[in-house]
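Working notes for the structure below.
The values are calculated or read from the model by the stated rules, or taken from the named source; none is laboratory data. As the structure is a prediction and not an experimental result, all values here were calculated from the model. Every residue, glycine as well, gets a Cβ built from its backbone with ideal geometry; the counts of neighbours run over all protein chains shown. Note: accessible area is taken over every heavy atom of the protein model, side chains too, but ligands, DNA and RNA are not part of it. Shrake-Rupley method; radii C 1.70, N 1.55, O 1.52, S 1.80 Å.
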Amino acid sequence: MKEIEKGWIKTAGTLEELGHLIGGKMDPASLKETVNKYNSYCERGYDPEFSRTGQSLEALVTPPFYACTLYPGGINTCGDPGVTLTGRC
(Lines give C-alpha, C1' and ligand atoms only; values in the text may rest on other atoms or scores of the structure.)
Protein backbone atom coordinates (compact mmCIF):
# COMPACT_ATOMS: atom_id res chain seq x y z
CA MET A 1 0.00 0.00 0.00
CA LYS A 2 2.90 2.40 0.66
CA GLU A 3 4.02 2.10 -2.97
CA ILE A 4 0.50 3.03 -4.11
CA GLU A 5 0.37 5.94 -1.66
CA LYS A 6 3.73 7.21 -2.96
CA GLY A 7 2.48 6.95 -6.55
CA TRP A 8 5.02 4.33 -7.60
CA ILE A 9 2.17 1.94 -8.43
CA LYS A 10 -0.91 3.30 -10.20
CA THR A 11 -4.28 1.73 -9.50
CA ALA A 12 -7.69 2.12 -11.14
CA GLY A 13 -11.11 0.53 -11.26
CA THR A 14 -11.12 0.14 -15.05
CA LEU A 15 -8.53 -0.43 -17.74
CA GLU A 16 -9.55 2.80 -19.44
CA GLU A 17 -8.98 4.77 -16.24
CA LEU A 18 -5.61 3.05 -15.74
CA GLY A 19 -4.68 3.93 -19.31
CA HIS A 20 -5.36 7.60 -18.58
CA LEU A 21 -3.29 7.42 -15.37
CA ILE A 22 -0.27 6.10 -17.23
CA GLY A 23 -0.83 8.50 -20.14
CA GLY A 24 2.00 8.70 -22.60
CA LYS A 25 3.11 5.15 -21.83
CA MET A 26 0.14 3.43 -23.46
CA ASP A 27 -3.13 4.89 -24.62
CA PRO A 28 -6.31 3.54 -22.95
CA ALA A 29 -7.59 1.81 -26.11
CA SER A 30 -4.29 -0.02 -26.66
CA LEU A 31 -4.15 -1.07 -23.02
CA LYS A 32 -7.67 -2.51 -23.18
CA GLU A 33 -6.89 -4.27 -26.49
CA THR A 34 -3.69 -5.77 -25.04
CA VAL A 35 -5.46 -7.05 -21.93
CA ASN A 36 -8.34 -8.46 -24.01
CA LYS A 37 -5.82 -10.33 -26.20
CA TYR A 38 -4.06 -11.70 -23.13
CA ASN A 39 -7.41 -12.75 -21.61
CA SER A 40 -8.28 -14.61 -24.83
CA TYR A 41 -5.00 -16.52 -24.47
CA CYS A 42 -6.02 -17.41 -20.93
CA GLU A 43 -9.31 -18.80 -22.21
CA ARG A 44 -7.43 -20.92 -24.78
CA GLY A 45 -4.88 -22.03 -22.20
CA TYR A 46 -1.89 -20.98 -24.28
CA ASP A 47 -0.08 -17.70 -24.95
CA PRO A 48 1.59 -18.00 -28.37
CA GLU A 49 3.51 -14.74 -27.93
CA PHE A 50 5.49 -15.97 -24.93
CA SER A 51 4.94 -19.76 -25.13
CA ARG A 52 3.16 -19.79 -21.79
CA THR A 53 0.81 -22.59 -20.83
CA GLY A 54 -2.48 -22.54 -18.96
CA GLN A 55 -0.72 -23.18 -15.66
CA SER A 56 0.87 -19.73 -15.73
CA LEU A 57 -2.01 -17.76 -17.25
CA GLU A 58 -4.66 -15.97 -15.25
CA ALA A 59 -7.12 -13.60 -16.85
CA LEU A 60 -7.13 -9.96 -15.75
CA VAL A 61 -10.81 -9.27 -15.20
CA THR A 62 -11.37 -8.19 -11.61
CA PRO A 63 -10.51 -4.64 -10.55
CA PRO A 64 -8.58 -2.93 -9.20
CA PHE A 65 -5.98 -2.92 -11.97
CA TYR A 66 -2.37 -1.89 -11.34
CA ALA A 67 0.54 -0.49 -13.37
CA CYS A 68 4.08 0.56 -12.58
CA THR A 69 7.04 1.73 -14.61
CA LEU A 70 9.74 -0.84 -15.31
CA TYR A 71 13.22 0.06 -16.49
CA PRO A 72 15.76 -1.92 -18.55
CA GLY A 73 18.17 -3.73 -16.29
CA GLY A 74 15.73 -3.73 -13.40
CA ILE A 75 14.27 -6.75 -11.70
CA ASN A 76 11.43 -7.61 -14.08
CA THR A 77 9.73 -10.80 -15.13
CA CYS A 78 9.98 -12.32 -18.56
CA GLY A 79 6.94 -14.54 -18.23
CA ASP A 80 6.31 -17.34 -15.80
CA PRO A 81 8.92 -18.49 -13.25
CA GLY A 82 9.98 -21.32 -15.57
CA VAL A 83 11.03 -18.83 -18.22
CA THR A 84 12.92 -16.70 -15.73
CA LEU A 85 14.62 -19.61 -13.98
CA THR A 86 15.76 -21.28 -17.22
CA GLY A 87 17.30 -18.06 -18.46
CA ARG A 88 15.20 -17.94 -21.64
CA CYS A 89 14.53 -14.27 -20.95
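Which number in (1) at pLDDT below 90; (2) open to solvent by less than 80 Å² (accessible area, probe 1.4 Å) marks the one condition that Tyr38 misses?
(1)
Report the residue count in segment 31-70 for those that are within 22 Å of Thr11 (Cβ to Cβ) and part of a strand (DSSP E or B).
4
Looking at segment 9-30, which of its residues are in a loop (DSSP other than H, G, I, E, B), closer than 14 Å to Phe65 by Cα and not hydroxyl-bearing (Ser, Thr, Tyr)?
Once the filter is applied, which keeps residues that are in a loop (DSSP other than H, G, I, E, B), closer than 14 Å to Phe65 by Cα and not hydroxyl-bearing (Ser, Thr, Tyr), segment 9-30 yields Gly13, Ile22.
Could you please give the count of residues in segment 1-24 that are touching a helix residue (DSSP H, G or I) at 6+ places or on another chain (Cβ under 9 Å) and not hydroxyl-bearing (Ser, Thr, Tyr)?
Counting residues in segment 1-24 that are touching a helix residue (DSSP H, G or I) at 6+ places or on another chain (Cβ under 9 Å) and not hydroxyl-bearing (Ser, Thr, Tyr) gives 11.
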